[in-house]
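Asker: Would you mind keeping the following structure in view while I ask a few things?
Derivation of every value follows stated rules applied to the coordinates shown; laboratory data play no part. In this text the structure is predicted, and so the values were computed from the model without any measurement. We place every Cβ from the backbone using ideal geometry, glycine too, and count neighbours over all the protein chains shown.
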Amino acid sequence: MQSWRAIFFALILLFSSFASLFLESQNASGRVLYCPSETTAEKFKDTNIIFSGKVTEIAYTISMTYIKFHVLNKWKGISSSDITIAASDGSEAGSGGPNFHLGDNYLDYVIDNQYGYIYQSCWGEPLASATDEINVLKAIVSNPRQQITHGVMPDNVLCSGGLVLMKKLSGNSVACVKPETDQKLVKLGWGTEITSITQINNQDRLLLTVGKTVYTLGEKIPITIKNTSNMTLEFPDVNFGIQIQDASTNWVCCDVSGNLTYLPPNGNYTFVWNQGDQHYGSKVKSGNYTIVVFYWIKDTGMSNIESKSIEIK
């Protein structure tokens, strides 16, 4: 009898353990999140863009969270100093990654596909916890041969320490050389300089402007965006929006997604905010607010966030 009782309680404990693991594996949306265990080298091969960066802007939609970073270190596939990525499921963490906070630093793995730069939530983490991964990444990007061995195309090799990427004319080999050496090798006909990674990495295409930086309570606030590129920008579905955030980054306004589906070159779009708080149906209080425009451009894979700060008093 004692043995059966022991087995019974052991089964209960086992079931509880499985239930706990199951719940912990769920993400914010309630779905089970499966994160394969991979080495840093495998992660390097399986993602398109890797960088460490500081969060400068965050914008939320029903299905996505857009996070803009100032890039601190470039490990793979990135040429710009700022980049905006998207995390799915409409939560700060996307589906399983860290909770992003303004001003904090993170190591980020990103997939580049037709929907834009999508955050690989399984592998990102706060930069302070990523010392071991950073050391491995440093070893991988230490020279072109290592990068190519780990799946980087020769033209997309990153050079560190102010070195320039050169491609040999008589073959497909590349080398990282000093700028002065680069000029000598070009003159000798050894090779050509590869000026940048082929990826655009979120070039700014929209200019955000407001009439002034200080407004009185109840005053209407015109918010204008302009297409500064030479191409018509298309915004499919609800991949364009304007948000007003208070000093605590709480979203107080506005649901304008779907109002703008395209913008021709040099075209303008103006939205007028009447200082309404759409959550409470009243006017906002005096204080500091941030106007955030976020967008994803059809057929380019580019998403971005632009913002302006204003004061209401």
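Asker: With a 10 Å Cβ neighbour count serving as the proxy for reagent exposure, in which order, fewest first, do LYS167, LYS308, LYS212, LYS68 appear?
Answerer: Ascending number of Cβ neighbours within 10 Å: LYS212, LYS308, LYS167, LYS68.
Asker: Fully extended, how many nm does the chain gain between ASP277 and SER80 (0.36 nm per residue separation, minus their Cα-Cα distance)?
Answerer: 67.3 nm
Asker: Could you give me the ³J(HN,Hα) list for the stretch 271-281, computed from phi with Karplus coefficients 6.51, -1.76, 1.60 and θ = phi - 60°, whole Hz, x at Gly and Pro?
Answerer: 10, 9, 9, 8, 6, x, 9, 5, 7, 10, x
Asker: Further question on the same structure: Give LYS54/LYS313; LYS68/LYS184; LYS212/LYS285 a once-over and call out the pairs whose C-alpha atoms are over 29 Å from each other.
Answerer: LYS54/LYS313; LYS68/LYS184
Asker: Evaluate the distance, in nm, between pseudo-label points positioned 7 Å from the Cα of LYS184 and of MET153 along their respective Cα→Cβ axes.
Answerer: Calculated label separation equals 3.1 nm.
Asker: Using r as the Cβ-Cβ distance of GLU193 and ASN288, and R0 as 51 Å, what FRET efficiency do you calculate, to the nearest 0.05?
Answerer: On the way: r = 46 Å, r/R0 = 0.89.
According to the calculation, E is roughly 0.65.
Asker: Using the count of nearby Cβ atoms within 10 Å as a rough guide to exposure, how do PHE271, PHE294 rank from fewest to most?
Answerer: With the fewest neighbours first, PHE271, PHE294 line up as PHE271, PHE294.
Asker: Now a separate question. Need one word for the stretch 206-312: rounded, prolate or oblate. Basis is the Cα gyration tensor (sqrt eigenvalues a ≥ b ≥ c); a/c below 1.5 gives rounded, then a/b vs b/c decides.
Answerer: prolate
Asker: Measure off 7 Å from each Cα along the Cα-to-Cβ vector at LYS220 and SER248, then give the distance between these two points in nanometres to one decimal.
Answerer: 3.1 nm
Asker: May I ask you to sort GLU306, GLU311, GLU234 by Cβ crowding, counting other Cβ atoms within 10 Å and putting the fewest first?
Answerer: Lowest count first: GLU311, GLU234, GLU306.
Asker: Same structure again: What is the extension gain from GLU38 to ASN259, computed as 0.36 nm multiplied by their sequence separation minus the C-alpha to C-alpha distance, in nm to one decimal?
Answerer: 75.3 nm
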